[in-house]
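Only one structure is covered here, and it is reproduced in the block below.
Bear in mind these aren't lab numbers, they're just calculated from the coordinates by the rules spelled out. Computed from a prediction, not measured in an experiment: that's the story for all the values here. Reconstructed Cβ throughout: ideal geometry from the backbone, glycine too, with neighbour counts over all protein chains shown.
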Amino acid sequence: DGGEARGGGKGRAFSEQESWEEQQIRKSQLQFGAKDRGHAGDEYELVFDDAVEFVKATAMSGTEPEDEEDELGDEIDAKAMLQRELQDQRKTLPVYKFRDELLKAIAEHQIIIVVGETGSGKTTQIPQYLHEAGYTANGRRIACTQPRRVAAMSVAARVAQEMGVKLGHEVGYSIRFEDCTSEKTAVKYMTDGMLLREFLGEPDLASYGVVIVDEAHERSVSTDILLGLVKDVARFRPDLKLLISSATLNADKLSDFFDMAPVFKIPGRRYKVDIHYTAAPEADYVDAAVATVLQLHVTQPPGGDILLFLTGQEEIETVEEILRRRTRGLGTRIAELVICPIYANLPTELQAKIFEPAPPGARKVVLATNIAETSLTIDGISYVVDTGFCKVKSYSPRTGAESLLVQPISKASAAQRAGRSGRTGPGKCFRLFTEHSYREDMADETVPEIQRSNLASVVLSLKALGVNDLVGFDFVDPPASEALLRALEDLFALGALNSRGELTKTGRRMAELPLDPMLAKAVVASERYGCSEEVLTVASMLSAGNAVFYRPRDRALLADAARQRFSAGGDHVALLNVYTEWEQSGHSAQWCADHFVQPRTMRRARDVREQLAALMERVEIERRSCSSGDLDAVRKAITAGFFRNTAQRRRDGLYRTIKTWRTVLVHPSSGMARLDPPPRWVVYHELVETSNEYMRQVTEIKPEWQLEVAPHYYQENNLDAPEPKKAKAHGQGAAVAVEKQSPSLNGFFNV
Ligand code: CDP
Ligand code: MG
C-alpha cells in the first residue's frame, strides 16, 4: 500500500526560508519598484507597489499620454489591434453562445446557479455581459467574489484589458489592504472575505445591483458564510440579482440551498483526456514529478505546455531549482523549457508570466498549487502532471491548533486537474499515484473549509452583523458544534463577547479591524497602555508578510548580526524597531540594503499601516505613542491579544505551551532563538508546524501580566498550579497564572 511511501516528500513543503534565487529576484524587482513607484495623487488609486507593477505587466495603459510624440501613432495602432484580437477571443469562449439566453434567464429569475467548466468564460465574461446589458446603468455595481486574492487581481486585470480601460477605473478589484477601485468602478472583483467585510458597513449591499458568488465550488469559509448572507439579503431586496457560479460540482446542492433556484449550464468545450497512473507507488513525488516533466518535455512533440500540481511555495521553488539545473545541464540538446511558478504569495508582477505564451520552439511548464485547479485558466496546456497531493488546512477545536498538512486530494479535485489538459485539444494527465490508490485512498469530495477551520474570526463578523443564533444560521454545510463553541470561548476570553455571547464594545471595535481576532484585540488594548502608535506598527508589520529580513548565503553572518541588533526586546519589538528606523531614514532603500531588510515588505507595511490607522480612527481608538522606551506597554498590549499563546520554558530548556502542554521550539528565524539565556515566559504570534512545532514572532513577557491583561481568563495561583500529567510545579515564587473555568456557555447559542 502506497499511502506512506507517497508521503515521502512531505517534509519539503514546509520550510519557511526563501530560496536565495527567489530573494535575488525579489531584490532586483524591488529596485525597479522603488524607482517607478506611483504615488498618491496618481490617476488611479493603487495601494501597493505590487499593484502598480502588476498593472504595468498585464493591463493595457488605456489612454495614457506618452512622452514620445512620434511613437504615439504606432502605439495606438498596436492597441487597436490588440483590442480587436481580444474581442475576437471573447467570442470564442463557450459562454459567448449563451450570452443572450443567460441574460434572459437573469432577467427572469432573481437567483441563478451558473455551472460551467473552468475556462468557459464565467468569471471574465458574465460581469461584462451584465455591464453591457445595462445592469450598472443605475449606478449600482456588480460584485464578483473570488476565494483567492491572486484570482481577483489577475481576472480584474484581464477584464480591464478586454474592456480597454485602466484597472481601477470601470473595472477594479478589492482585496484585504488593497483597494484598486474608484468612484466609477462598475465591475468589482473582490475576495469573498472583502465582501463579507462590506456587509458590516452596508448590511443590505445597497451599492450592488448584482452579486456573483464565483468559484462557489471551492467552498471557502468566507464563500460559505456569504452564501448564507446573500440568500437572506435577496429576500428583502427583490431588485438584487444573485448569481452563484461553480465549476460543475455541487450544482444541485447549491440549487437546493437557494430554494431550487434554476441551474444554467454552459456546456463545456472538452476534449478527451488520457489518464495514466503509475504502476507502483512513488517514494518521493517531487522527484517523480521532476522526472515526468523532463521526460514529457524531451519525448513529446513541441507545442503543448505542461501543468504540474504541487502543494506549496517551498515545493514549487525546489522543483523550479531542480528543473533549472537539469535543463541547464542538458544545454542546447533539448528545446527551451520556460518555467513559470504560480502560488498565492508570488510577487504579483511574476504572476502575469504564467499567461504569456512560450516563445516559438520552447515549451512552458507551469508549477502550480491547486490555485490552477479552477481559479486560474491557463491556455495551451496539453499535459497535466498530478502529484495527487495538496496542502489542507485542518483545525482541532480541542487544542485550538490550526495546521496545514499535505494530504491526498479528492477524486473531484483529481478530475478537475486532469480536465485542465483537455481545453484546447486532446490532453494527457499523468497521475503520480496508482489507480488502486485513487480508488481506495481518495475521498469523493473535499471537506468544506468551514468544517476544518478556526472560526473565531467568522463568528466575530457574524456577531457584528447581528447574527446571534449561530446554530440557526443558514449554512450550506454546518460547521461542527465544537468548533463553534471553541470560537465563542476564544472570543469570550478576548473580551469580545460577554458571558451571554453578546458582542461587547471591545468586540465591536475588533470586528472593524481586518485582522485576526487576537491581533485585533492587541490593537484595541493598546489604547489602555498608551501605545496605540507602536502596536499599530507591529500589527502592520505582522500583516505585511513574513519576509522582513533576508539572508544572502555569502553574507549570512553579517545579516544575522544586523537582525540581532533589532531583536533585544523580542520579535514584536524588533518589528517596531525596524519600522521606526526605516521611517527615520526617510524610507531609504539604502537603509534597507544596509540592514538586510526587504524594502518590499516595508512599503507594504507602510500602506497597511495607513489603512489600519484610518480604521482605528473610525472606531475611536486614541492614537498615542508611549514615546521612546516603554516597551513593556507594547508587550503588555501584545499579551492582551495573545495571552492564549503563552509558552513557558521548562528545566530541560524546551518550551511548553500553557493549557495545551505541547512542546514547542522557537522558530530559527526568530531573534529570540539565539538569546542566552532564553526567556522563561513568552507569547508567540503563531505556531508553524514542520518536523517540529515552531513558535513564530516570539516576545518575552512577565507571567503576572497575564492576570493584568486577562483577569477574566486567568486567576492567581501560587506555586502549586494544578498541572495535568506528572509535571512538577514550576513557579519560583512568581505568580503563576492558571486558567479559570469557562463560564457557563449555555446562553451562547440562542441569544
Ligand atoms: O471563470 P471560467 O473558469 O469559466 O473562465 P474565465 O476565468 O472567465 O477564463 C476565460 C478565458 O479568459 C480563459 O480561457 C483565458 O483565455 C482568458 N483569461 C486570461 O487570458 N487571463 C486571465 N487572467 C483570465 C482569463
Ligand atoms: Mg472562474
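Worth pointing out:
- At most 11 other Cβ within 10 Å, DSSP loop - trypsin sites (Lys or Arg not before Pro), the range 371-415: 398
- Residue order, fewest to most surrounding Cβ atoms within 10 angstrom, among 153, 616, 442: 442, 616, 153
- Förster-model FRET efficiency, 22 Å R0, residue 565 and residue 654, C-beta, rounded to 0.05: 0.20
- Here is the list for the range 230-314: trypsin sites (Lys or Arg not before Pro) lying in DSSP coil, each with at most 13 other C-beta atoms within 10 angstrom of its C-beta, are 272.
- The range 657-705 shape via C-alpha gyration tensor axes, a/c threshold 1.5: oblate
- Sorted by Cβ neighbour density within 10 Å, fewest at the top, the residues 712, 572, 169, 685: 712, 169, 685, 572
- Likely footprinting exposure, 429, 531, fewest C-beta neighbours within 10 Å first: 429, 531
- Modelled FRET efficiency - R0 56 Å, residue 77 with residue 556, Cβ distances, 0.05 increments: 0.60
- Look at the dipole of the range 437-488 built from charges on Cβ: of 481, 458, 443, the Cα furthest out on the positive end belongs to 458.
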